[in-house]
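What follows draws every value from the coordinates through simple rules; no lab data is involved. For clarity, every value in this text was computed on a predicted model and none was experimentally measured. Here the Cβ positions follow ideal geometry from the backbone for every residue, glycine too, while neighbour counts run over all protein chains shown.
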Amino acid sequence: MVDAILSPILEQLTSMAVEEAKEQVRLVTGVGKEVKKLTSSLRVIEAVLHDAEKRQVKEETVRLWLDQLRDACYDMEDVLGEWNTARLKLQIDGVDDHENDALVPKKKVCSFFPTASCFACKPLVLRRDIALKIKEINETLDDIAKQKDMFGFVVNVTNERADQRVPSISSIDESEIFGREKEKNELVDRLLCEGSKEQKGPCIISLVGMGGIGKTTLAQFAYNNGDVERNFEKRTWVCVSEPFDEFRIARAIIESLTPGSAKDLVEFQSLMQHIEECVAGKKFLLVLDDVWNEDYYKWEPFYKCLKNSLHESKILITTRKETVARIMGSTHVISVNVLSEMECWSVFQSLAISGKTIGKRENLEKIGREIVKKCKGLPLAAKTIASLLRSKNTEKEWQNILENEIWELEAIEKGLLAPLLLSYNELPSKVKRCFSYCAVFPKDYGIRKHKLIELWMAQGYLSEKGAKEMEDIGEEYFNILASRSFFQDFNKYDDGEIYKCKMHDIVHDFAQYLCSNECLAVEIHSGEELAISSFVEKKILHLLLTLRRGASVPISIWGNVTGLRGLRSLLVKSDEYSWSSEVLPQLFEKLTCLRALELQVRESWPRNNLIKEIPTNIEKLLHLKYLNLKGQKKIEKLPETLCELYNLERLNVDDCQNLRELPRGIGKLRKLMYLHNEDTGCLRYLPAGIGELIRLRRVREFVVGGGYDRACSLGSLQKLNFLQQCGIRGLGGVSDAGEAARAELEKKKYLVELGLHFDHLRDGDEDQAGRRENEEDEDERLLEALGPPPNLKKLVIDEYRGRRNVVPKNWITSLTNLRVLYLSWWRNCEHLPPLGKLPSLESLHIEGMKSVKRVGNEFLGVESDTDGSSVIAFPKLKQLAFSLMKELEELDFETAIKGEIIIMPRLSSLEIWSCRKLKALPDHLLQKTALQALKIWGGCHILEECYREETGEDWPKIRHIPDIEIE
């Protein structure tokens, strides 16, 4: 993995030297030589890295040598970050701002006169500091380069591996359970048997076998078996893992039995009592997956509180140790053994062979069967190596895998290191680093894909390639890892896109092994204090810290623990942690290497002890790229010093409901790409400097503050041509259509999601503050001036007050790519616009149009005379919803128009909510479309009576629809 760190450093050294020459700035004398020497040393070391990475698994001395090199590379990254920030600071602040200067023009020299030295010599201090650091790293690299000669590494003559590209896929499905018929039948029978009435407490069954053998898969099969599901009143699944965390396990059981009730329970005794009450007299199934605990006294409280359940209740345990099964009082132990060679082959060929042509299959099958023998019957091993070979099509490539010496290794878990390492070694170097970062999450953690990609970006693992965005590259890397079976248990959207996944425990162990335990996840419970011993003699780079209500973190830990000084990720998730005024200043003072800082509050918990203000010394975090303050409701403003974070790329203040203003100097954050500011109702405007942030990709709420000093205007959008998502708030207070035209929305070709909110954001009575004369006409002119972006896919327009034409023609004719449309709370709208003309529209939501009484042909956008030709209205519409339309009486599209008219041929979902006067639904929507789901609810009394199951007058018209929900 070191090559993934070293290669970008070399690229950066080269590019920075070129940029410095172009900008005509220089460092103090001698640094140029040091940089050349540094580059030369790194090139020499890079040439042997491939061999070193292979040998580190078998040779501890090589591994230690690579650890030294890794540390030196991290130090070099920090120094280059300082250097780059200094140059950026010079560009932004200008040469004449002496206090902020970091670099000076070539001709500027240090004066011997005291009056000049006050400002002319100050920049040299920072440059000398950088120079000294580079010199120290050079000395370290000299020693490392000398040591490498002791190992006799083979020089890698080509860099082909570093640039190798693995084909990516959008998703990966779990393989079927091959074989295991005996175990499946035995397990289901045990779960269904009645048990002895004399037995006190639930019967305990254990699945025992080595890691990667398929215990969890087997347990999932039984848990989801139809007969098993019907046999129990309650079913609960808890992943236990190591360590055995009584609080977490208890909360997980309670949340499954009675969702939302665990948040008010703090003491362990109250948790146990609640579980006891929940299961009393009930027949339940509890699955405890991946149990390691051999201390009976930790398990005893759980068993006691579960005794009041019916005697037919069952507890199913999966564990690698038979001693654990016995200690927990198992009455039945089912051994899960290795697969037969034939079963293992079935797992392998389903991934590696299927999809290849018949000719290739025959040539590869012989080699494949030899590889399967080396998997030793482990399904995870077979699946991992098969995922690797799926993209390899030649006999030579398969033969190389078969003959690789890595098969001789035994570590982590018998038989599993080899296939994991083989698959890992074939990854592009940049993807290797992304994989090892996943070790920061605890075992069995639900990893959200987009969050993971954001954190990769913060660490600098993703770099733009031409027109490709970093997020797109992160998506590619994620799919590569998914295709190699490094991820599993995928959650997907309806379109098949993965949004959440997990890592197998063995894969997690492997990631920890690769990153030399640089990643750590710690959870602290009520009444506990974060132990300093957790970090002694460790060099933690990435820390995920979960603080439960009443947990404690000593202030001294941020300043006194050497193992935390180099932290690059600090991800704090808290229920209700008391952020005293001393904690954050200490943290910011010491953890100056941070790239990602998250101080997030979980939404479901009370928020009595939230952060009240962000200390001004946040400017110390000069490397910071990712700052997440989501849910910190007590913060009212952010300090101006936050604008000294020149590397900041993502700022998240979602749900900071009392946040009133952002720093005025926000225009200095030239690298900012993402501003998350949803649910910030007190934020009345954005500073004018926002218009200088030309790298912005997303602004959740672009708040235009008419009447506020130093507030941005619509024209501030003019330069933001890379915007992809933007919601514009405060349009109800804008009266200058010329200002709207200056926003040049029609030129923003990357903008795919847009919200236009015609609301008022002035303080005071909304009906008086910020009101405009002739606001109906103003809104119409404003919308027309805001020309539609050419590639828009999602559009939201709310609180619009226009009347004539409702929506300007230039919008309807231009939105050819629009797929999702939300229209809500249009005060003066009596007739809906001709939305049937939108050729790509798939989802349409109409809400709160209180003046609309009838929806008719004008909605279809079809003229009365079609010259006998065929017309399709809403050709791609799949989802249609009308809600809170309290005056709507008719929803009727006439068919007596000349020519053939096809209406909504692909409609699959129709939802009507709170339309109390609506009398009927068009027959052709119910009977001549592809309707699969119909939902009527929220007080639609006439419709509810009309379509009531069996008894309703029009029930026969809808009875064929598969999914009907009528309140």
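Observations on the structure shown:
- For Lys182, the shell of other residues with beta-carbons less than 15 Å away shows a net charge of -1, using +1 for Lys and Arg and -1 for Asp and Glu.
- Inter-centroid distance (Cα atoms) of segment 28-95 relative to segment 701-734, Å: 42 Å
- For Ile728, residues with placed amide H under 5 Å, excluding near neighbours: Phe702, Gly755, Leu756, His757
- With a cut-off of 15 Å between beta carbons, the residues surrounding Thr616 carry a summed charge of -3, where Lys and Arg count +1 and Asp and Glu -1.
- Whole-Hz Karplus values for segment 738-750 come out as x, 5, 5, 5, 5, 5, 6, 4, 5, 9, 8, 6, 8 Hz, taken residue by residue from phi with 6.51 cos²θ - 1.76 cosθ + 1.60 and θ = phi - 60°; glycine and proline positions read x.
- Förster radius 35 Å - calculated FRET efficiency between Glu776 and Lys919, Cβ distance, rounded to 0.05: 0.70
- Label sites at Lys263 and Thr357, each approximated as a point 7 angstrom past Cα along Cα to Cβ, lie 5.9 nm apart.
- Annotation: amide H of Glu294 has no partner in the under-5 Å range at sequence separation 5 or more or interchain, hydrogens built in the peptide plane.
- Here Lys263 is the anchor, and the aspartates and glutamates within straight C-alpha reach of less than 14 Å, apart from those fewer than 8 places off in the same chain, are Glu255, Asp575, Glu576, Glu603.
- Label-to-label distance, Arg698 versus Asp149, with points set 7 angstrom from Cα along the beta-carbon direction: 5.3 nm.
- The H on the amide N of Ile204, modeled in the peptide plane, is under 5 Å from the matching H of Ile315, Thr331, His332, each at least 5 residues off or on a different chain.
- DSSP-defined beta bridges in the chain - what % are antiparallel, rounded to 5: 5 percent
- Pairs from the table (Lys304/Lys573; Lys58/Lys449; Lys283/Lys451; Lys360/Lys383) lying more than 27 angstrom apart at Cα are Lys304/Lys573; Lys58/Lys449; Lys283/Lys451.
- You can think of it this way: the chain between Arg742 and Ala521 has 74.7 nm of extra reach, that is 0.36 nm per residue less the Cα-Cα gap.
- The aspartates and glutamates within cross-link reach of Lys620, meaning a Cα-to-Cα straight distance under 15 Å and a gap of 8 or more places when in the same chain, are Asp78, Glu82, Glu589, Glu640, Glu644.
- Phi-based couplings in Hz for segment 659-665 (Karplus 6.51, -1.76, 1.60; Gly and Pro marked x): 5, 9, 7, 9, x, 5, x
- Separation between Cα centres of segment 880-954 and segment 446-469, rounded to whole Å: 44 Å
- Between Ser335 and Lys850, residue separation times 0.36 nm minus the direct Cα-Cα distance comes to 178.8 nm.
- With contributions of -39500 (n - 2.57) from each DSSP H run of at least four residues, the per-residue ellipticity at 222 nm computed over the chain stands at -10500 deg cm²/dmol.
- Cleavage-rule hits, chymotrypsin sites (Phe, Trp or Tyr not before Pro), segment 484-557, DSSP coil, Cβ neighbours within 10 Å at most 13: Tyr493
- Taking label positions 7 Å along the Cα-Cβ direction at both Trp937 and His960, the computed distance is 2.6 nm, reported to one decimal.
- 26 Å Cα-Cα threshold exceeded, pairs from Lys215/Lys376; Lys432/Lys492; Lys465/Lys878: Lys465/Lys878
- Separation between Cα centres of segment 321-343 and segment 816-862, rounded to whole Å: 61 Å
- Net charge of the neighbourhood of Ile812, taken over other residues with C-beta under 13 Å away and scored Lys/Arg +1, Asp/Glu -1, is 0.
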